[in-house]
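The values are calculated or read from the model by the stated rules, or taken from the named source; none is laboratory data. All figures in this text were calculated on a predicted structure; none of them were measured in a lab. Cβ placement follows ideal geometry from the backbone for every residue including glycine, while neighbour counts extend to all protein chains displayed. Surface accessibility is based on the protein's heavy atoms, side chains included, excluding ligands, DNA and RNA. Shrake-Rupley method; radii C 1.70, N 1.55, O 1.52, S 1.80 Å.
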Amino acid sequence: MARYNVKETEARWQARWAEHGCFEVERDPGKPKYYVLEMFPYPSGRIHMGHVRNYTLGDVVARYKKAQGFNVLHPMGWDAFGLPAENAAIERGVHPAKWTHENIAAMRDQLKGMGLSYDWRREIATCDPSYYRHEQKMFLDFLKAGLAYRRESWVNWDPVENTVLANEQVIDGKGWRSGAPVEKRKLDQWFLKITHYAEDLLAALDGLERWPDKVRLMQHNWIGRSEGARVRFKLTGRDDDLEVFTTRHDTLFGASFCAISPNHPLAGELAEKDPALQAFIAECNRMSTSEADIESAEKLGYRIPVDAEHPFRPGSTLPVFVANFVLMEYGTGAIFGCPAHDQRDLDFARKYDLPVVPVVLPPDADPATFAVGSEAYVGPGTIYNSEFLDGRNVDDAKAEAAKRLETSDRGSSTTTWRLRDWGVSRQRYWGCPIPVIHCGTCGVVPVPEDQLPVTLPEDVDFDSPGNPLERHPTWRKTTCPTCGGDAQRETDTFDTFFESSWYFARFADATGSTAFAREAADYWLAVDQYIGGVEHAVLHLLYARFFTRALRDCGYLAIAEPFSGLVTQGMVCHETYRSPEGRWLYPNEVKKQADGQWVTLEGGAPVTLGRVEKMSKSKRNTVDPANIIDAYGADTARLFMLSDSPPERDLEWTESGVDGAWRYVNRVWRAITECPVALPPVGTPKPDALSPQAEQVVRACHKTILAVSDSIERFRFNSAVAQVRELTNLIFALEGTGPGEAWTLRYGFETTVRLLAPMTPHMCEELWQTLGHTAILAEEEWPEADRSLAEDETVTIAVQVNGKLRATVEMAKDSTKDAMIERALEQPNVIKLLDGRDPRKVIAVPNKIVNVVA
RNA sequence: GGCCCCGUGGCGGAACUGGCAGACGCACGCGACUUAAAAUCGCGAGCCUUCGGGCGUGGGGGUUCGAGUCCCCCCGGGGCCACCA
């Protein structure tokens with residue numbers, strides 16, 4: 001018998017799907033839509049196992065929903081701007097555009113080899129001016145709407161690369177590429193006003209019911225709503241006030257100092273005449289913000305010649321410090337310190353010998369003896385030592401303090417957010433140019449819309465560090481759209497998260513001359529099911545939620561939330577191997593001997609087996625999907641990706657697991673192509689008489705259709721695979737000679753093929769033909785289950801005595817409780833255990849269980 | 001340090017709302033086919049057992065007729081955030 005020719009079969013079906021435009025969709029208001037989207041990849045050049053997993057998950061959903069009758073939009077594109085392209089230019093002299101487009105071509109071929117159900121006509125690359133011109137327009141609209149602004153701000157500056165780094169590109173206080181300690185610098189930067197939506201972005205999380213709780217929680221924490229109060233301290237000898245933010249205004253009477261950030265305007269002003277303060281500030285800004293450093297960093301303060309008057313005690317003052325632990329970015333950049341009830345304030349007070357006055361008395365503590373030693377008391381209690389606040393609990397005291405601050409005009413309660421506006425300027429070449437012009441006379445002028453897009457120049461050199469746009473001989477030079485005088489283009493480009501914040505909308509109308517036609521967006525959006533890595537839980541997913549709101553407010557869209565359903569898949573992991581010298585080894589460089597010892601393939605040197613870790617180049621524990629697809633085919637790779645772990649959990653890639661998937665693919669293939677029984681023709685009605693075995697198989701088919709549908713809906717693909725395997729175990733055991741068994745075999749085979757089609761589509765198409773069908777399976781409807789046929793006539797009732805299983809009885813479905821109890825009490829084991837006594841109580845749950853309490 | 005999640009056979013994992021723990025698979029063992037091996041097919045299997053049964057979902061306690069599932073404490077692993085005022 002001919003072996004299953006995987007390569008030939010898969011290529012043939014991929015070509016057929018393309019020929020027939022199976023996955024090309026148009027807006028159809030008469031049909032319910034379903035939009036499935038996987039996070040688009042950065043075109044690094046080759047797909048990796050994480051991609052295979054991500055896109056397989058999405059493809060199962062897309063194919064399943066299509067079979068269910070939905071008009072399914074399932075697109076793919078390229079997140080094509082970014083640093084690696086510039087690195088390639090620097091290291092190898094390839095132009096970023098060439099490098100990127102070659103990578104896209106290679107990866108597109110690889111994805112096509114996986115048999116994914118994309119509408120390739122909608123493919124986009126974000127580095128294409130036909131894409132980024134629209135976001136330049138969006139930016140101008142944001143500018144008009146007050147959602148974008150320019151401000152001087154403190155940024156992470158890499159002194160070697162001469163560029164700003166995003167927070168996530170700073171690792172342990174050092175630039176991720178240069179390794180140089182990152183400095184804080186004050187630069188003019190463009191910002192998007194994400195904080196304008198802070199309240200809504202937080203509140204709307206509750207409505208994202210099909211998002212993982214974990215992601216919602218992460219965004220919740222990231223947005224970081226904090227209820228507190230602003231308090232204005234009068235400064236001695238000055239006209240201005242010092243405003244601080246606190247969440248503990250109940251402890252104001254325990255205040256013993258105020259502290260401001262080294263970047264606070266007051267610090268800057270005083271430093272002008274104080275070289276020592278200048279040096280102190282410079283020192284603070286050199287300090288990295290990495291975990292280890294913060295952990296060990298000493299709390300340092302610099303006493304400035306200013307005192308702050310206590311808002312509730314006129315005439316009483318507090319010393320003011322510039323302190324290295326106060327962040328300009330949070331609150332007001334200034335705090336008051338209450339050492340008794342804040343650990344950090346306590347550390348600072350002990351170091352600078354400041355008073356520690358407890359004002360919150362823990363329950364059951366004695367006010368005469370309670371004292372704070374080296375540990376601040378942060379628990380609940382009764383306020384004391386606090387004049388008019390005495391005797392209140394913490395919450396009441398906060399309310400009263402806020403009221404008093406308001407009446408005396410010294411402050412008010414307020415809400416502060418951890419979320420900060422999104423700085424989008426990057427001093428890089430390979431990004432979307434920010435469409436503004438700097439004019440000596442008119443200032444910052446937006447590029448007029450009819451001059452868009454502002455495209456990147458192609459003749460750039462990467463021979464020296466920094467932004468090639470800045471050095472370009474002519475590109476910068478332009479004329480001011482307002483006054484017509486000489487002016488210069490902005491040389492910063494957008495953060496690449498800008499492109500990914502709206503690409504899902506572009507797919508709705510990927511070739512249109514506007515960003516997207518409103519009717520297309522209204523029909524297709526929101527994305528019904530979005531799938532990607534959890535590493536984007538905050539950044540990309542939060543930016544996209546913000547962007548959608550901003551686009552709505554600028555008239556582009558009707559919706560606020562871009563993704564109504566979200567699944568975050570786990571990582572693909574693999575064992576790690578090390579040579580005797582401690583070098584990492586690739587899986588294909590080692591083998592396991594019969595005695596269980598791992599050795600190198602060449603030379604047979606002993607190999608140490610390491611932990612199972614995320615596939616990464618540095619640990620060399622990667623398996624190239626191309627090799628797997630070449631050896632086993634896409635169906636096997638897909639099946640393994642789905643069958644071993646639920647999507648959100650990490651998946652361990654194992655050779656034996658892939659073999660298992662491969663064996664199953666072949667088993668199904670052989671069972672159907674080599675079936676010795678002559679099957680009745682397609683469409684033969686169910687015979688009246690079925691053997692008991694056949695009856696059971698038919699019932700199992702109906703049950704499995706229900707179970708698999710439910711599993712797919714709930715993203716339990718591993719269970720779905722298990723359920724189909726269970727069914728095939730039954731079907732393949734059917735002899736096919738008894739009454740109605742040949743028909744049942746056909747029915748079983750067809751059910752199997754249709755249920756497996758979203759997971760192993762190529763093989764299923766082939767078998768669908770083998771079974772005599774001519775239509776393309778990808779166009780067929782999902783099988784329907786008859787619920788009445790899916791239910792057994794009898795059920796197995798568990799009989800317990802005192803909660804322990806002692807017998808099982810077969811009974812007609814829906815037997816009465818009395819009948820169940822009667823049967824249960826007849827069981828020999830039950831009689832024996834009752835030993836002549838009457839049961840004290842008997843609980844019966846219909847169709848499930850009887851529990852006899854002896 | 002704060003917040004959150006997860007601990008089930010040798011392994012990956014099933015068990016939706018409390019109701020027969022271990023589906024399905026991997027690895028393993030035995031058998032069939034074969035001169036032999038591979039492939040394939042069939043069977044077995046949580047642990048202990050005096051073969052009656054006993055013990056079992058990280059450990060301890062609780063609620064319940066009944067707990068992998070709910071509550072409290074502890075241990076172990078992981079994630080996110082973090083001088084956040």
Distance in nm between label sites at A:K848 and A:Q68, each 7 Å beyond Cα in the beta-carbon direction? 2.7 nm
Packing-ranked peptide list from A:617-627, A:562-572, A:247-257, highest mean Cβ count within 10 angstrom first, is A:247-257, A:562-572, A:617-627
If each of A:E102 and A:R286 carries a label point 7 Å out from its Cα toward its Cβ, how far apart are those two points in nm? 4.4 nm
Would you tell me the accessible area of A:Y42, worked out with a 1.4 angstrom probe on the heavy atoms of the protein chains, in Å² to the nearest 10? 50 Å²
For A:K804, which lysines qualify as cross-link partners when the Cα separation must be under 17 Å and same-chain residues fewer than eight apart are set aside? A:K832, A:K841, A:K848
With r defined as the distance between the Cβ atoms of A:R185 and A:R350 and R0 fixed at 45 Å, what FRET efficiency is calculated, to the nearest 0.05? 0.85
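Where does each of A:S513, A:S616 land when they are ordered by accessible area, with a 1.4 Å probe and the largest first?
I get A:S513, A:S616, largest accessible area first.
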What helix-only [θ] at 222 nm does chain A give? Using -39500 (n - 2.57) per DSSP H run of at least 4, over all residues, to the nearest 500, the answer is -10500 deg cm²/dmol
Give the calculated FRET efficiency between A:A733 and A:L805 to the nearest 0.05, with a Förster radius of 22 Å applied to their Cβ-Cβ distance. 0.20
If A:L469, A:L452, A:L217 are ordered by their accessible area, calculated over protein heavy atoms with a 1.4 Å probe, which sequence runs from highest to lowest? A:L217, A:L452, A:L469
Theoretical gain in end-to-end length, A:R16 to A:V378 [0.36 nm per residue, Cα-Cα removed]: 123.5 nm
Enumerate the residues in segment A:791-805 having an amide nitrogen under 19 Å from the point lying 7 Å beyond the Cα of A:N829 toward its Cβ. A:795-805
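With a 1.4 Å probe and all protein chains left in place, how much accessible area per residue does segment A:1-92 have, in Å²?
38 Å²
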For segment A:437-489, the per residue accessible area (1.4 Å probe, Å²) is 56 Å²
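If A:T195, A:T474 are ordered by their accessible area, calculated over protein heavy atoms with a 1.4 Å probe, which sequence runs from highest to lowest?
The residues order as A:T474, A:T195, largest area first.
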Want the number for A:W584 to A:E329: 0.36 nm per residue separation, take away the alpha-carbon distance, what's left? 87.6 nm
Simple label model, 7 Å out from Cα along Cβ direction - A:D459 to A:A819, nm: 9.2 nm
Set of lysines near A:K403 by C-alpha distance (under 23 Å), chain-local residues within fewer than 8 positions excluded: A:K234
May I ask which of A:K184/A:K299; A:K193/A:K477; A:K33/A:K144; A:K98/A:K477 have a Cα-Cα span longer than 24 Å here? A:K193/A:K477; A:K33/A:K144; A:K98/A:K477
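Percent relative contact order of chain A, based on C-alpha pairs within less than 8 angstrom and at least six residues apart? Can you show the working numbers first?
Numbers: 1539 pairs, mean separation 107.4, N = 854.
About 13 percent, as a whole number.
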Counting only other residues whose beta carbon sits under 15 Å from that of A:K686, what net charge do I get with K and R as +1, D and E as -1? -4
Please calculate the 1.4 Å probe accessible area of A:H536, with all protein chains present, and give it to the nearest 10 Å². 50 Å²
Whole-number value, in Å³ per residue, for the convex hull of the alpha carbons of chain A is 271 Å³
Chain A - percent of accessible surface contributed by carbon and sulfur, probe 1.4 Å: 49 percent
Estimated FRET transfer efficiency (A:R649, A:L609; beta-carbon r; R0 25 Å; 0.05): 0.70
Using a cut-off of 12 Å between beta-carbons, work out the net charge of the residues near A:E589 (Lys and Arg +1, Asp and Glu -1, A:E589 not included). +3
Summing +1 per Lys or Arg and -1 per Asp or Glu among the other residues with Cβ less than 15 Å from A:H472's Cβ gives -3
Solvent-accessible surface (1.4 angstrom probe) belonging to A:V320, in square angstrom, nearest 10: 0 Å²
Gain in length, A:A276 to A:V795, computed as 0.36 nm per residue apart minus the alpha-carbon separation, to one decimal in nm? 178.3 nm
